[in-house]
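Contents: one structure, followed by commentary.
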Amino acid sequence: MIVGITGGIGTGKSFVASYIKEKGYPIVSSDEISSVLMKKGNQNYLNIVDAFGKAVLLSNGEINRKKLGQLIFSNKEDRALLNKITHPNIIEELKKQGTAHKLVFLEIPLLFEANLEYMVDEIWVVACSEDIQINRIVKRDEITQKEALLKIRSQYPLAEKKKKAHFIINTNESKKNIYKEIDQLINRLEKKNKWIL
């Protein structure tokens, strides 16, 4: 059983995934896979340097993720190019790690944007109000509200993601309520798929 966890930027996907991991369930994060594959010498690193040049590198030769992020969030063509050259390797690794368990949670922020719905049996969309989203992004990335909004607008609309969800986890709530909601979803999964235990 493969559950896809997705949602908009700053909605709390990693918070939800981290709680599920604490409960002892395997989590595979496409962002973590992407980070590893972007390290110096790895395939996506080579593809990125080839496409965007050395201007996206730090002095130690590693990719300047902040600079690359600014490039792709302000330019649709650059974003499409980055996705084209990095997604195949990320997807391959997701498939590899996703089939290694009877029950696994794949944290994939761009699940819909990358058309990866086919990889999962169930989709959980993590959502919150746009105001909360903006505040979280501003605080986390140390950027302006305008830049945060640009990041939000560069993704598939959260309202559309919610329509495609099997379940929606609302992170406007208190931590206690969010944990309770996740526990209920996991209990339902375990009852439905007794073979998991």
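The values are calculated or read from the model by the stated rules, or taken from the named source; none is laboratory data. In this text the structure is predicted, and so the values were computed from the model without any measurement. Note: ideal-geometry Cβ built from the backbone for every residue, glycine included; neighbour counts use all protein chains shown.
General remarks:
- Entry remark, segment 33-58: residues being of a type in the set (D, E, K, R) and surrounded by 14 or more Cβ atoms within 10 Å (Cβ to Cβ) number 0 in total.
- Residue within segment 93-108 that is surrounded by fewer than 16 Cβ atoms within 10 Å (Cβ to Cβ), at pLDDT 95 or above, not assigned by TED's automatic domain parsing to the domain that holds SER74 and not in a loop (DSSP other than H, G, I, E, B) present: no
- Only residues that are over 18 Å from GLU32 (Cα atoms), in a helix (DSSP H, G or I) and modelled with pLDDT under 90 were counted across segment 68-79, and they come to 7.
Okay, residues lined up against (1) in contact with a His (Cβ under 7 Å, 6 or more places away or on another chain); (2) of a type in the set (Phe, Trp, Tyr); (3) over 23 Å from ILE9 (Cβ atoms):
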residue: ILE33; (1), (2), (3): no, no, no
residue: VAL49; (1), (2), (3): no, no, yes
residue: ASN60; (1), (2), (3): no, no, yes
residue: ARG65; (1), (2), (3): no, no, no
residue: GLN70; (1), (2), (3): no, no, no
residue: ASN89; (1), (2), (3): no, no, no
residue: PHE105; (1), (2), (3): no, yes, no
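Matching residues to (1) of a type in the set (Asp, Glu); (2) surrounded by 15 or more Cβ atoms within 10 Å (Cβ to Cβ); (3) assigned by TED's automatic domain parsing to the domain that holds LYS21:
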residue: LEU110; (1), (2), (3): no, yes, yes
residue: ASN115; (1), (2), (3): no, no, yes
residue: MET119; (1), (2), (3): no, yes, yes
residue: ILE123; (1), (2), (3): no, yes, yes
residue: ARG136; (1), (2), (3): no, yes, yes
residue: THR144; (1), (2), (3): no, no, yes
residue: TYR156; (1), (2), (3): no, yes, yes
residue: GLU173; (1), (2), (3): yes, no, yes
residue: LYS176; (1), (2), (3): no, no, yes
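- Of all residues assigned to segment 36-52, none qualifies as being of a type outside the set (Lys, Arg) and within 14 Å of LEU111 (Cβ to Cβ).
- Verdict on VAL16 being within 15 Å of the chain's Cα centre (by Cα), at pLDDT 95 or above and in a helix (DSSP H, G or I): yes
- Condition met for THR86 (surrounded by fewer than 16 Cβ atoms within 10 Å (Cβ to Cβ) and either within 21 Å of the chain's Cα centre (by Cα) or in contact (Cβ under 8 Å) with a residue 60 or more places away in the chain (or both)): no
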